[in-house]
Amino acid sequence: MSLIINMFANVSRILPKNIRISLTRKLIHKFLDKYSEIEVINEKVIEKRREIPTIYIGNHLSNVDGIILNRLLKDNDVAFMAGVKLSKNLVTNLVLETIKTIHITPNSADKKAIKEAIKYLKNGGSIFIFPEGTRSRSGSMIRAKKGFILLAKMAKVQFVPIGLEGTEELLPINSDSMSKESFNHAKVKVKVGEPFSLPEKTEDNKDVWTELATEYSMKKIAELLDPKYRGVYDSL
């Protein structure tokens with residue numbers, strides 16, 4: 001399977017961009033329809049927020065997460081915050097061309113990316129970000145980075161949490177190379193939570209507010225998940 005994908009990625013480079021994107025989308029949908037059985041829970045939240053700027057956050061298990069979520073959020077004008085290294089891989093870059101993305105440098109105060117995301121939100125769009133910053137190798141939630149809290153604070157919009165289960169089986173992580181990852185048959189659950197705002201900053205909590213807001217937000221994702229996926233946020 002990975003051989004077919006890599007062959008397509010190599011051949012497609014010579015095609016005009018609009019044709020390449022169209023063919024990639026068709027291939028993505030073909031693989032999802034063939035290998036996955038996707039159940040979406042509480043999709044009505046997404047439907048209600050189609051014209052409301054929102055920051056969507058979710059746990060991250062697989063490279064297929066963004067593909068599934070992009071299909072789910074297709075009518076909500078969502079741009080995905082994506083690590084720059086994904087654009088350097090032939091296969092993942094091909095997929096990124098089919099998704100609205102804002103590239104961000106992981107583990108850094110990427111002011112340019114944050115500024116671009118805030119502008120996108122203020123112009124009426126929405127943002128999706130994986131706060132953990134990378135896919136979990138354990139299959140359960142890992143400690144989040146704090147940058148997404150700054151984004152929400154500056155943009156003054158609500159969050160919507162989304163919990164993913166089963167994508168780690170659909171497209172498992174290959175520790176050697178993302179190009180070697182292959183689809184497997186799997187059942188996937190996408191659980192959408194209710195919108196929420198960050199906790200209020202007060203005199204009493206101002207010194208720890210960022211940590212408090214991060215923990216609060218990540219637990220909103222965790223409470224959507226089966227306990228085995230909650231990881232470091234298991235104490236609910």
Would a scan of the range 146-169 turn up a residue that is under 16 Å from the mean Cα position of the chain (by Cα), surrounded by fewer than 17 Cβ atoms within 10 Å (Cβ to Cβ) and not polar (S, T, N, Q)? yes
Does the range 198-236 hold any residues that are modelled with pLDDT of 95 or more and of a type in the set (Gly, Ala, Ser), and which are they? 213, 217, 222, 231
Residues located in the range 189-219, provided they are in contact (Cβ under 8 Å) with a residue 60 or more places away in the chain and farther than 27 Å from residue 32 by Cα: 195, 210, 211, 213, 214, 217, 218
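Given the residues 183, 196, which is the only one that is under 30 Å from residue 50 (Cβ atoms) and surrounded by fewer than 17 Cβ atoms within 10 Å (Cβ to Cβ)? Write out each step before concluding.
Details: 183 fails: surrounded by fewer than 17 Cβ atoms within 10 Å (Cβ to Cβ).
When all the criteria are applied, what remains is 196.
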Among the residues of the range 96-141, how many are more than 19 Å from residue 233 (Cβ to Cβ), part of a loop (DSSP other than H, G, I, E, B), of a type outside the set (S, T, N, Q) and modelled with pLDDT of 90 or more? 4
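When you scan the range 9-72 for helices (runs of 4 or more DSSP H) that lie fully inside it, which ones turn up with 3 or more residues that are touching a residue at least 12 places away in the same chain (Cβ under 8 Å) and polar (S, T, N, Q)?
Numbers: elements: 17-35, 44-48, 65-72.
Fully inside the range 9-72 and qualifying: nothing.
One line per residue, one yes/no per condition, for (1) at pLDDT below 90; (2) within 17 Å of the chain's Cα centre (by Cα):
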| position | (1), (2) |
| --- | --- |
| 22 | yes, no |
| 32 | no, yes |
| 36 | no, no |
| 43 | no, yes |
| 46 | no, yes |
Find the residue count for the range 118-145, including only residues that are within 14 Å of the chain's Cα centre (by Cα) and either closer than 20 Å to residue 74 by Cα or acidic (Asp, Glu) (or both). 6
Give the residues of the range 128-158 that are of a type in the set (A, V, I, L, M) and touching a Pro at 6+ places or on another chain (Cβ under 8 Å), sorted by residue number. 144, 155, 157
Determine whether the range 64-81 contains at least one residue that is of a type in the set (Lys, Arg), more than 30 Å from residue 228 (Cβ to Cβ) and either open to solvent by 40 Å² or more (accessible area, probe 1.4 Å) or at pLDDT below 90 (or both). no
In the range 122-144, anything open to solvent by 30 Å² or more (accessible area, probe 1.4 Å), more than 13 Å from residue 81 (Cα to Cα) and either of a type outside the set (D, E, K, R) or free of Cβ contacts under 8 Å to residues at least 60 places away in the same chain (or both) is listed as 123, 124, 137, 138, 142
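The values are calculated or read from the model by the stated rules, or taken from the named source; none is laboratory data. Remember, predicted model here, so these are calculated numbers, not experimental data. Neighbour counts run over all protein chains shown; Cβ positions are idealised from the backbone, glycine included. SASA here: full protein model, heavy atoms, side chains in, ligands and nucleic acids out. Shrake-Rupley method; radii C 1.70, N 1.55, O 1.52, S 1.80 Å.
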